[in-house]
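Below is one structure, written out as structure tokens, with a few remarks after it.
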Amino acid sequence: QVRLVESGGGLVQPGGSLSLSCATSGIIFRPYTLAWYRQAPGKQRELVAHITPDDSTSYIDSVKGRFTISRDNAKTSVYLQMNSLKPGDTAVYYCNRISPYLVSWGQGTQVIVSS
């Protein structure tokens, strides 16, 4: 059974930090590029960052220099360290494999950046 379980979200003030985790089970993990996505209220889900099997990373421009994606193949988990958070980062964050290799989505973890 495919399971993606995101955690670590919460309410944080602008400039603060959060560390997101995604534990996976039931999926083939190691050979795939993994990604974090987010969906803000009223907007479409967007790709935020991805990490390849050899640990190459890529980010959307708005989070470059602030977010860091990492993976642990032994734990079949992927992480997102978010620093210098801005109100525009407010969204539900999800992990998954990179499209077109998506699996069933998890519940996501809510991040709210507000003073």
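The values are calculated or read from the model by the stated rules, or taken from the named source; none is laboratory data. Keep in mind the model is a prediction, meaning the values are calculated, not measured. We place every Cβ from the backbone using ideal geometry, glycine too, and count neighbours over all the protein chains shown. The accessibility values were calculated without ligands, DNA or RNA, using every heavy atom of the protein model including side chains. Shrake-Rupley method; radii C 1.70, N 1.55, O 1.52, S 1.80 Å.
Among the numbered conditions (1) open to solvent by 60 Å² or more (accessible area, probe 1.4 Å); (2) small (Gly, Ala, Ser); (3) out of contact with any Phe, Trp or Tyr (no Cβ under 9 Å at 6 or more places or on another chain), the only one that residue 65 does not meet is (3).
I need the full set of residues from segment 76-96 which are open to solvent by 30 Å² or more (accessible area, probe 1.4 Å) and within 15 Å of residue 33 (Cα to Cα), in order please. Correct list: 76, 79. Among the conditions (1) open to solvent by less than 70 Å² (accessible area, probe 1.4 Å); (2) in contact with a strand residue (DSSP E or B) (Cβ under 7 Å, 6 or more places away or on another chain); (3) of a type in the set (A, V, I, L, M), the only one that residue 2 does not satisfy is (2).
Annotation: residue 43 fulfils all but one of (1) in contact with a strand residue (DSSP E or B) (Cβ under 6 Å, 6 or more places away or on another chain); (2) basic (Lys, Arg); (3) open to solvent by 60 Å² or more (accessible area, probe 1.4 Å); the unmet one is (1). Candidates 107, 39: the one that is more than 22 Å from residue 13 (Cα to Cα), touching a residue at least 24 places away in the same chain (Cβ under 8 Å) and touching an Asp or Glu at 6+ places or on another chain (Cβ under 8 Å) is 107.
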